[in-house]
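Take a look at the structure below.
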Amino acid sequence: EVVSPGIAKDVESFEIPVRPGQSVDVPAIHLTVKSIELKKRIELRDADTADEAMTFLHNDPNGLNYTFVVKNTSDVPLSNIVIDDPAFVAQQATIDYNGWTADDILAPGETKVFTGRLDIPKDAWDFNNVATVSGQAADGSLIASQPDAAYAKFIRGTVEKKVNARFATNKDEPVRLPADRALKFSYEVVNTGSTPMVNVRVNDTVFEKGIGEKGKGE
């Protein structure tokens, strides 16, 4: 927060989740008199906070798709429009300016939309990448936006199966039981993601070798 005597300006806060031992980069913050506006969206939706976060499967092959809506809210034409998003730099991902070049002019009040895609982070936990946008006036001065974010959470879980309270993952070391004793299976489901799981179901298909009978339990 920067305060200048005689100038009142609202402060927009943003959250950046940081895991233990993790380093997180934030975009460059420029202090300029005039402004340009950035609205960053994920899957076409604003998600500025954890409460508004979009939810994704941790292994979704479609990744995270972003839209950057840039509006020139100043009273001067701007060129050299640049979006600064450290997450795209870290993944060496490209923001698609849709044919827009550094020499193109964004007129006062004009809006342009750009897009980009990121792979889902490997740890698939809370993820909030913050971006800014800047442009250049005819006199060479820099005009920049406030930071804007897009928050994501991920669904991920594990399941461990036991037979008669014991693991039997190695076929050479099975659980041995008397022929007249029933098999009792238990399943331990752990939510390893960053959002609650609902409608949790466990499907288990069992094949009896040599018989081919198929059973299904939930």
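List of remarks:
- The range 117-127, residues that are open to solvent by 10 Å² or more (accessible area, probe 1.4 Å) and either in contact with a Pro (Cβ under 6 Å, 6 or more places away or on another chain) or not charged (D, E, K, R) (or both): ILE120, PRO121, TRP125, ASP126, PHE127
- Which listed residue is within 26 Å of the chain's Cα centre (by Cα) and acidic (Asp, Glu), from ASP48, ASP103, ASP75: ASP48
- Matching residues, the range 52-75, being of a type outside the set (Ser, Thr, Tyr) and surrounded by fewer than 16 Cβ atoms within 10 Å (Cβ to Cβ): GLU52, LEU57, ASN59, ASP60, PRO61, ASN62, GLY63, ASN65, ASP75
- Selection status of TYR187, among the hydroxyl-bearing types (Ser, Thr, Tyr), assigned to a strand (DSSP E or B) and under 30 Å from PRO17 (Cα atoms): no
- GLY135 being at negative phi, buried (at least 17 other Cβ atoms within 10 Å of the Cβ) and assigned to a loop (DSSP other than H, G, I, E, B): no
- Contact annotation: no residue pair with Cβ atoms under 9 Å, 6 or more positions apart or on different chains, pairs a residue in the range 66-77 that is within 10 Å of THR111 (Cα to Cα) and free of Cβ contacts under 8 Å to residues at least 24 places away in the same chain with a partner that is in a loop (DSSP other than H, G, I, E, B) and open to solvent by 70 Å² or more (accessible area, probe 1.4 Å).
- Among the residues of the range 1-38, those identified as at pLDDT 80 or above, closer than 27 Å to GLU110 by Cα, under 25 Å from the mean Cα position of the chain (by Cα) and not hydrophobic (A, V, I, L, M, F, W, C) are PRO27, HIS30, GLU37.
- Restricting the range 88-116 to residues that are open to solvent by 80 Å² or more (accessible area, probe 1.4 Å) and either small (Gly, Ala, Ser) or not in a loop (DSSP other than H, G, I, E, B) (or both), the residue that is farthest from PRO27 (Cα to Cα): ALA90
- Candidates ILE143, ILE155: the one that is open to solvent by less than 10 Å² (accessible area, probe 1.4 Å) and of a type in the set (Val, Ile, Thr) is ILE143.
The values are calculated or read from the model by the stated rules, or taken from the named source; none is laboratory data. Remember, predicted model here, so these are calculated numbers, not experimental data. Methodologically, a virtual Cβ is constructed for each residue, glycine included, from the backbone with ideal geometry; neighbour enumeration extends over all protein chains shown. The area values use the complete protein model at the heavy-atom level, side chains included, leaving out ligands, DNA and RNA. Shrake-Rupley method; radii C 1.70, N 1.55, O 1.52, S 1.80 Å.
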